[in-house]
Amino acid sequence: MIMRGKKGLIIGVANNKSIAYGIAKAINAQGGEFALSFFNEQMEKRVRPIAEELGCKYVYGLDVSVPEELEATRVKIERDFGKIDFIVHAVAFAPKEALDGRFVDTGKEAFNIAMQTSVYSLIETIQKLLPALNKNASILTLTYLGAVAVIPHYNVMGVAKAALEASVRYLAADLGAEGIRVNAISAGPIRTLAASGIGDFRMIMKWNEANAPLRENVTIDQVGNAAMYLLSDLASGVTGEIHYVDAGYNIIGMGAIEEIDGKTSLIWDRVKNGQ
């Protein structure tokens, strides 16, 4: 049991289809303990049954954009666990209007919301919870290929994820002397609640499946297992990394080509036509 004796906090479980749920399942299966958090009353109704399913005793109300709530969460952690060994930050948001049209038309308010929620929330979470972390603790956040390449409709979220990935590196450098590791997983497209706000998402998933070396889309279980590794002592020498779990799609430089009846064509054409 790789995570036996490890205790932590998982922020961002939305339902049983979310990546954070896959991570929680993997940690639970390997003997780890954790608290879950919920953003509001509506999310609480979804999170508490998951906590019961996974035998999670502690569920905290937490809006990561409110410093006082982060401080209160630290107090609860110290009360319930003493100190913890890991934090999973699975939080991101951008207004829907900023995920459509041209990036150049992004409004300042939408930009600030995306950066505050998706990037600064990681920094502030670590600031406030640092006193509750054990030496050699591990911190993990979630990113996406749109941080380093243009993905249709990802727009301002791509810029936010780029800032998040840079933050992972700087945080890893800051906290390494204390033995604390900071990493990110860049997962392939997965049909989650967050992904539902991205236009043409079904098309993106089909394209990823058709062109990824493994010719498949990844699952929350696959991402969860990779996350569990990064949070465990097996990855004690790994920090500041962006670990891709996307069936290899990130290594592809152009669309795959196939030959039919002596003619070559991009797989895009077949995908586009629903074949």
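In table form, for the structure just shown:
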item: For Leu9, residues with placed amide H under 5 Å, excluding near neighbours; result: Ala35, Phe86, Ile87, Val88
item: Cα→Cβ-extended label distance, 7 Å offset, between Val238 and Asp80, nm; result: 2.7 nm
item: Amide H contacts of Tyr58 (H built 1.01 Å from N, under 5 Å, at least 5 apart or other chain); result: Leu36
item: Sequence-separation-based contact order of region 7-272, relative, with Cα cut under 8 Å and 6+ spacing, percent; result: 19 percent
item: Modelled FRET efficiency - R0 30 Å, Glu68 with Asn136, Cβ distances, 0.05 increments; result: 0.55
item: Whole-Å distance, taken between Cα centres, linking region 223-239 and region 150-191; result: 15 Å
item: Ascending count of other beta-carbon atoms within 10 Å, so fewest first, for Lys96, Lys128; result: Lys96, Lys128
item: Sequence-distant residues sharing a close amide H with Tyr244 (under 5 Å, placed H); result: Ser186
item: Table column - 3J(HN,Hα) (Hz), region 22-30, Karplus curve with 6.51, -1.76, 1.60, x for Gly and Pro; result: x, 5, 4, 4, 5, 5, 4, 5, 9
item: Bridge type composition, the chain - antiparallel percent by DSSP, nearest 5; result: 15 percent
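Where a number appears in this text, it was derived from the coordinates with a stated rule and is not lab data. Everything numeric in this text was worked out from a predicted model, so none of it was measured. We place every Cβ from the backbone using ideal geometry, glycine too, and count neighbours over all the protein chains shown.
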